[in-house]
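**Student:** Here it is: the structure, laid out below.
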């Protein structure tokens, strides 16, 4: 199947917010004329210092936020032409997430957290699939534990299981090892890339960890709101 | 979507997220339903007690026999009915004769209440549900004493000899007017014709007694009322007794007020819990949006959850309310007659409606607004903070107005409560802000816990001002209700002190006054409180009155001093030094309602006909009279005697203790011309009602207290997440558990002190308005309230804060920090 629109892309995307300091009159330019194109199946890392706008860009690429200017494409659809309902529909079928702070619902067990995206999709075998992914991440014994009964590494493994159980073609990961120690972070990265390999998912990963970024096929650097492609790290 | 909503709701329920919201909802429905059920029952019971006083649910008093076709109409409906014919006749016994009031009663009399009969005069007696059989007569103790007769003797009424089979001690429809103070006897209506005592032109009072369902009574009343003639008048249970009516009226106002307060408090608790729940749900919603749920799906999801919650709350609350109501009934079983086991539907509709409206107004708006949460919030670390939504506040406020009005059906209660609450909330928030600033100045003089505690208060100044306003509001409403309950019960009990007169003596002439006192002393009866009032009957002849009330003869008296319990509302009481001067103009003091009804103007010259003589008097002052005091009260009081002292008749009132009642028989024998009106039964009835209402008021107060405590808990819970997070940070920085405990204690105790102080002052203002406007009572100040409330607030809120925040101290800091 061929598409006239790109799979995942940004065209002259800018994000401007009003300066929170009353004394300052100039607006803050979070992103300035950002352009990129990502093909299906690629793994891409967006690197940059804290406050460089990485997470803002990730949110926009996933349709969680809208840019001030420019065009964004997700799964061949122009996000800027879609309303909130349309973007939600797109996310339901094409996107899954891994967050720095895990974002597991505290009132749900590990298994229920994995079932959640499947239930939202209306899947009839949510429980079986969730069990299967819980096994994949090596937590089959911890399915009935609540997030506060799990370590940080375990919580992130549950979050990874939830992301892959959704079986979405695009995975956005926001600093997936940011809240973990280096050894746990290393295991998590191994798991993430292993599953990504198996599922042939398009992976967009935001990180300031250059070692992690090197595992991706492409690396984009964001500095002061401007994006550049890195050829050598 | 409904399935997903149910699953998520169950998971939130299991995690305790929905508990407080659910408890607040259950409490709102339960308290409103049970208060309404109880109020309904109290009202029914009051009506039943009133019905005992008139021996029926409805009575027609008539100067002519009740037409046959009216009787058939009542029979068709069907209603229970009985008839009474009352007239005066001379009765004769072997050793005497006496003018007596004879009451001929039909088979079913009394329809309500019981007759007490005994074997001797002034006996304690036993209750029976019927009148005398044919051939029998039941004389009352006074008649028995004046005839010098005993049980089984014969009394002749007209042409018929009747055997004394019982002594009449009390009867449910005992006349309470001063005009009917002759000794009385009860006979069977079927004997009336044979006595031949009633002839054409005889003055007979006919009473048609009816009992049955309200709908049938209303139906009959609607059909008969247009046919009534001048001498026919309906009497309902509440028309009978001014004292009872006033007490009932105040009690009903209190119960309505208490119910409305429960609604307001439950609304505040629900609103706070919903706010907390929606804040905690914000991250859930952001995540669900990331997973692809659309805003409309989220709205549907939360709407479904709320419907489920409402259904569950109704399922639990309505039976709980019924159980609670049964428990309350058990408490007051000695006082309240349970009228029926079938509960009325209205309280359940009111409760369910209140719950639904509370949910729609307080819970649903913040839940539906969750759909607007930006999905990008999942990418941010900060915890969600919600700003006060003015739209939601407006919806909640409108709902409170609707609910209070629906519940109280009183514009006065609704507007007083709503305006009061708004003004007080604003004042509370402003004052709290000021007091927190002042508290800041105390910081250098405190220990470490105190310093950090007060610093926390100052840092969250706006949030704490709101919390103080809510604490203050709850405390104010509770303090007000306690004060209202106290002054109401005090007022009721003051009306009926132990020595309230229960016996009125009439037809006492000047020369008999001393011999009456002597006879009473001989019998060992106390004469200290014996007060004599000269009385005469008078009719206002000039100006001519077109009002039928103005054409009637009324009792009057004359006195140099303002009668006890009366007060002058306009004009001046006469100068006592001049009253004996025969050349000074005659002055008259008139009761306020009568003066207003008749359109009489102060200073006007009025002419009265007293025993055939015209007297002209200047209307010099208007008097307010407490008709519920059980003291002799008069419409007209004159400045000097209107009849010659030797021909004046007096009345006296006195309290006779139960153990002295047997001495009344011999007293009457010594003073045979004196008539007696025994109001002991009416007094006892009123005392029973007061006891019953006091208990009802206290029971309701406990329920409203429950609602108030829930508001406090909801308010504490609203800020618990933030406190838990701060405590975790402080502990990681090395603060000990005891330091954190003292910080929390200082914070909550200070909040409690400030709230209590403001609540005490506001409660005083609210109670003053309620006393003056709602209960028509003089304003009283309660200085202990000003001193006690700050410390009570400190204690209650300090204790609640410490108890509900105990997990803040004990939860491992790492776990807390991980959760945020």
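**Student:** Does the stretch A:76-89 hold any residues that are in a helix (DSSP H, G or I) and surrounded by fewer than 20 Cβ atoms within 10 Å (Cβ to Cβ), and which are they?
**Tutor:** Taking the stretch A:76-89 as the starting set, the residues that turn out to be in a helix (DSSP H, G or I) are A:79-81, A:84-89.
Hits for the stretch A:76-89 are A:80, A:81, A:84, A:85, A:86, A:89.
**Student:** Read through the list (1) farther than 24 Å from residue B:717 by Cβ; (2) within 12 Å of chain A (Cβ to nearest Cβ), then give the number of the only condition that residue B:281 fails.
**Tutor:** Of the numbered conditions (1) farther than 24 Å from residue B:717 by Cβ; (2) within 12 Å of chain A (Cβ to nearest Cβ), the odd one out for residue B:281 is (1).
**Student:** Quick check on this structure: which one of B:757, B:712, B:751 is out of contact with any strand residue (DSSP E or B) (no Cβ under 7 Å at 6 or more places or on another chain), in a helix (DSSP H, G or I), more than 15 Å from residue B:810 (Cβ to Cβ) and at pLDDT below 75? Break it down stepwise before answering.
**Tutor:** Values: B:757 fails: at pLDDT below 75; B:751 fails: at pLDDT below 75.
Of B:757, B:712, B:751, the one residue that is out of contact with any strand residue (DSSP E or B) (no Cβ under 7 Å at 6 or more places or on another chain), in a helix (DSSP H, G or I), more than 15 Å from residue B:810 (Cβ to Cβ) and at pLDDT below 75 is B:712.
**Student:** While we're here: Just a yes or no: is a residue in the stretch B:298-321 within 14 Å of chain A (Cβ to nearest Cβ), within 22 Å of residue A:97 (Cβ to Cβ), in contact (Cβ under 8 Å) with a residue 12 or more places away in the chain and out of contact with any strand residue (DSSP E or B) (no Cβ under 8 Å at 6 or more places or on another chain)?
**Tutor:** yes
**Student:** Something else about it: So, residue B:407, is that one farther than 24 Å from residue B:770 by Cα and either modelled with pLDDT under 70 or buried (at least 22 other Cβ atoms within 10 Å of the Cβ) (or both) or not?
**Tutor:** No: the conditions fail for residue B:407.
**Student:** Now for a different question. Name, by its number, the condition in (1) out of contact with any strand residue (DSSP E or B) (no Cβ under 8 Å at 6 or more places or on another chain); (2) at pLDDT 85 or above; (3) more than 9 Å from chain B (Cβ to nearest Cβ) that does not hold for residue A:92.
**Tutor:** (3)
**Student:** Given the conditions (1) modelled with pLDDT under 80; (2) touching a helix residue (DSSP H, G or I) at 6+ places or on another chain (Cβ under 7 Å), report the number of the one that residue B:540 does not fulfil.
**Tutor:** (1)
**Student:** Determine, yes or no, whether residue A:98 is touching a strand residue (DSSP E or B) at 6+ places or on another chain (Cβ under 8 Å) and at pLDDT 85 or above. So that I can check it myself, show each step before the final result.
**Tutor:** Details: touching a strand residue (DSSP E or B) at 6+ places or on another chain (Cβ under 8 Å): yes; at pLDDT 85 or above: yes.
The answer is yes for residue A:98.
**Student:** Among the residues of the stretch B:571-578, is there at least one that is modelled with pLDDT of 85 or more and either in contact with a helix residue (DSSP H, G or I) (Cβ under 7 Å, 6 or more places away or on another chain) or surrounded by fewer than 16 Cβ atoms within 10 Å (Cβ to Cβ) (or both)?
**Tutor:** Yes, some residue in the stretch B:571-578 is modelled with pLDDT of 85 or more and either in contact with a helix residue (DSSP H, G or I) (Cβ under 7 Å, 6 or more places away or on another chain) or surrounded by fewer than 16 Cβ atoms within 10 Å (Cβ to Cβ) (or both).
**Student:** A follow-up question, please. How many of the residues making up the stretch B:101-128 are touching a helix residue (DSSP H, G or I) at 6+ places or on another chain (Cβ under 7 Å) and over 21 Å from residue B:661 (Cα atoms)? Can you show your working first?
**Tutor:** The first filter runs over the stretch B:101-128 and keeps only residues touching a helix residue (DSSP H, G or I) at 6+ places or on another chain (Cβ under 7 Å), leaving B:104-106, B:112-113, B:121-122.
With over 21 Å from residue B:661 (Cα atoms) added as a condition, the list becomes B:104-106, B:112-113.
So the count comes out to 5.
**Student:** Oh, and also: Please verify whether residue B:338 is modelled with pLDDT under 85 and either within 13 Å of chain A (Cβ to nearest Cβ) or surrounded by fewer than 22 Cβ atoms within 10 Å (Cβ to Cβ) (or both), treating the condition exactly as stated. Can you show your working first?
**Tutor:** On the way: modelled with pLDDT under 85: yes; either within 13 Å of chain A (Cβ to nearest Cβ) or surrounded by fewer than 22 Cβ atoms within 10 Å (Cβ to Cβ) (or both): yes.
The answer is yes for residue B:338.
**Student:** Scanning for something under 17 Å from the mean Cα position of the chain (by Cα), in a helix (DSSP H, G or I) and within 30 Å of residue B:10 (Cβ to Cβ), does the stretch A:93-111 turn up at least one residue? Quick ask: steps written out before the conclusion?
**Tutor:** Going through the stretch A:93-111, the residues under 17 Å from the mean Cα position of the chain (by Cα) turn out to be A:93-104.
Okay, now just the ones that are also in a helix (DSSP H, G or I), so A:93-94.
Add one more test, that the residue is within 30 Å of residue B:10 (Cβ to Cβ), and what stays is A:93-94.
Scanning the stretch A:93-111 turns up at least one residue that is under 17 Å from the mean Cα position of the chain (by Cα), in a helix (DSSP H, G or I) and within 30 Å of residue B:10 (Cβ to Cβ).
Let's see how each residue does on (1) out of contact with any strand residue (DSSP E or B) (no Cβ under 8 Å at 6 or more places or on another chain); (2) within 14 Å of another protein chain (Cβ to nearest Cβ):
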| residue | (1), (2) |
| --- | --- |
| A:33 | no, no |
| A:36 | no, no |
| A:41 | no, no |
| A:44 | no, no |
| A:48 | no, no |
| A:55 | no, yes |
| A:67 | no, yes |
| A:82 | yes, yes |
| A:107 | yes, yes |
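**Student:** Given (1) touching a residue at least 12 places away in the same chain (Cβ under 8 Å); (2) within 10 Å of chain B (Cβ to nearest Cβ); (3) part of a helix (DSSP H, G or I), where does residue A:168 come up short, assuming only one miss?
**Tutor:** (3)
**Student:** So which of B:220, B:265, B:256 ends up being at pLDDT 80 or above and part of a helix (DSSP H, G or I)?
**Tutor:** None of the other options fit; the residue is B:220.
**Student:** Ok, one more. Being in contact with a helix residue (DSSP H, G or I) (Cβ under 6 Å, 6 or more places away or on another chain), over 22 Å from residue B:259 (Cα atoms) and modelled with pLDDT of 85 or more: is that true of residue B:317 here?
**Tutor:** Values: in contact with a helix residue (DSSP H, G or I) (Cβ under 6 Å, 6 or more places away or on another chain): yes; over 22 Å from residue B:259 (Cα atoms): no; modelled with pLDDT of 85 or more: yes.
Spelling it out, it is not the case that residue B:317 is in contact with a helix residue (DSSP H, G or I) (Cβ under 6 Å, 6 or more places away or on another chain), over 22 Å from residue B:259 (Cα atoms) and modelled with pLDDT of 85 or more.
**Student:** Return the only residue of A:34, A:17 being at negative phi and modelled with pLDDT under 85. Break it down stepwise before answering.
**Tutor:** Details: A:34 fails: modelled with pLDDT under 85.
Going through A:34, A:17 in turn, just one is at negative phi and modelled with pLDDT under 85: A:17.
**Student:** Select from the stretch A:96-105 the residues that are within 7 Å of another protein chain (Cβ to nearest Cβ) and farther than 17 Å from residue A:127 by Cβ and write down the one among them that is surrounded by the fewest Cβ atoms within 10 Å (Cβ to Cβ). Spell out the reasoning first.
**Tutor:** From the stretch A:96-105, those within 7 Å of another protein chain (Cβ to nearest Cβ) are A:97, A:99, A:101, A:103, A:105; that's our starting set.
Pick out the ones that are also farther than 17 Å from residue A:127 by Cβ and you get A:97, A:99, A:101, A:103.
On the way: A:97: 28, A:99: 22, A:101: 20, A:103: 22.
Ranking the candidates gives A:101 first.
**Student:** When you scan the stretch B:9-58, how many residues do you find that are crowded, with 24+ Cβ neighbours inside 10 Å and within 14 Å of chain A (Cβ to nearest Cβ)?
**Tutor:** Adding up the residues that qualify gives 1.
**Student:** Checking residue B:505 against (1) more than 23 Å from residue B:637 (Cβ to Cβ); (2) in contact with a helix residue (DSSP H, G or I) (Cβ under 9 Å, 6 or more places away or on another chain); (3) surrounded by 14 or more Cβ atoms within 10 Å (Cβ to Cβ), which test does it fail?
**Tutor:** Checking residue B:505 against (1) more than 23 Å from residue B:637 (Cβ to Cβ); (2) in contact with a helix residue (DSSP H, G or I) (Cβ under 9 Å, 6 or more places away or on another chain); (3) surrounded by 14 or more Cβ atoms within 10 Å (Cβ to Cβ), the one that fails is (1).
**Student:** I've got another one for you. Quick one: count up the residues across the stretch A:120-151 that are within 14 Å of another protein chain (Cβ to nearest Cβ), modelled with pLDDT of 85 or more and part of a helix (DSSP H, G or I).
**Tutor:** Adding up the residues that qualify gives 5.
The values are calculated or read from the model by the stated rules, or taken from the named source; none is laboratory data. What you see is a predicted model, and the numbers here were worked out from it, not measured in a lab. Virtual Cβ from ideal backbone geometry, glycine too; neighbours counted across all protein chains shown.
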